[in-house]
1. Go from 0 up to the bin containing the longest alpha carbon distance in chain A, width 10 Å each, and give me the % of pairs per bin.
2. For every helix of n ≥ 4 consecutive DSSP H residues, a contribution of -39,500 (n - 2.57) applies; sum these over chain B, divide by its total residues, and give [θ] at 222 nm rounded to the nearest 500 deg cm²/dmol.
3. Summarise the accessible area of chain B (1.4 Å probe, protein heavy atoms) by the percent that is carbon and sulfur.
4. Give me the aspartates and glutamates in straight-line cross-link reach of A:K27: C-alpha distance below 16 Å, same-chain residues under 8 apart excluded.
5. Which of the lysines could be linked to B:K113 by a straight reach, that is with a Cα gap under 18 Å, when you skip same-chain ones fewer than 8 residues away?
6. Taking chain A as the reference, fit the longest principal axis to its C-alpha atoms, fit the long axis of helix A:33-53 to the helix C-alpha atoms, and give the angle between the two in degrees, 0 to 90, nearest 10.
7. Give me the percent of accessible area attributable to carbon and sulfur for segment A:2-135, probe 1.4 angstrom.
8. For the interface of A with B, what's the total buried accessible surface in square angstrom, probe 1.4 angstrom, rounded to the nearest hundred?
Amino acid sequence: MEFKFAIEGGNFSKAGSASSEVKKILKQLNVNPKIIKRTVVSLYEAEVNVVAHAFEGCMNVDIDTDKIIVKIEDKGPGIPDIDQAMQEGYSTATPQVREMGFGAGMGLPNIKRNSDQMNITSKVDVGTEVEIINYFG
Amino acid sequence: MIVQDIVEKLGLKVCSGANGLNREIEGGYTSDLLSDVMGNADENHVWVTLQTHKNIMAIASLKELAAIVLVKGYEPEADTLEQSNEEGIPILSSEEEAFELTGKLYEIINQAK
């Protein structure tokens, strides 16, 4: 099963709506609640990253019998140093975004902790792709 | 213990989501960093925060939190309130600061266990 959800850069009022749709689908499919919880945390963080940093993006969801593969792609500034971005506490969020309680540098570490596999590829001034894989078993 | 119980015991104001006052409370989490709550709060937790914008509802809904309690008399923004009513996840408000409120909630919730 494949699904695709658009993510608007800069529109915080809609942040989380794509993750919420995926959560509903996983619940309908009776996926183990613990795996749904982990997946929802990782997808939300990836979605917020697109809203906070990119111009636009999309969440591509592929649900198999044994796993969910989600690719979150965006058009945006890209990440010059992925190792640095993965460090807990490192953030390039604007002061405005931080004031809302985002930009604590916990997003990517949260994704790593709540996914079985996580892959990031990025090109500066082009965009970023985050792939998240969680197994149901 | 349900949300209505903490409303009564702590004299909290129900700002929105009154249709969820019977939600079960099993614990709580206090933080103003959204990713911290996303990563560490759990289902049926009551969340103490000073953030009032709509994204707190996205988190409450995704994490299936019992309720949000705003500190220092803060009130939710209009679109936050609307989503709280839609989702049936109450937003409550206290005149107290996070430290005092969290201490009281901790005591009440643990007494009920």
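1. The percentages, shortest bin first, are 13, 47, 32, 8, 0.
2. -12500 deg cm²/dmol
3. 46 percent
4. Cα-Cα hits under 16 Å: A:E2, A:D62, A:D64, A:D66, B:E43, B:E64.
5. The reachable lysines, counting only those whose Cα sits under 18 Å from B:K113, are B:K9, B:K104.
6. Tilt relative to chain A: about 30 degrees.
7. Percent of accessible area from carbon and sulfur atoms in segment A:2-135: 49.
8. 1600 Å²
The values are calculated or read from the model by the stated rules, or taken from the named source; none is laboratory data. In this text the structure is predicted, and so the values were computed from the model without any measurement. Cβ: placed from backbone, ideal geometry, glycine included. Neighbour counts: every protein chain shown. SASA here: full protein model, heavy atoms, side chains in, ligands and nucleic acids out. Shrake-Rupley method; radii C 1.70, N 1.55, O 1.52, S 1.80 Å.
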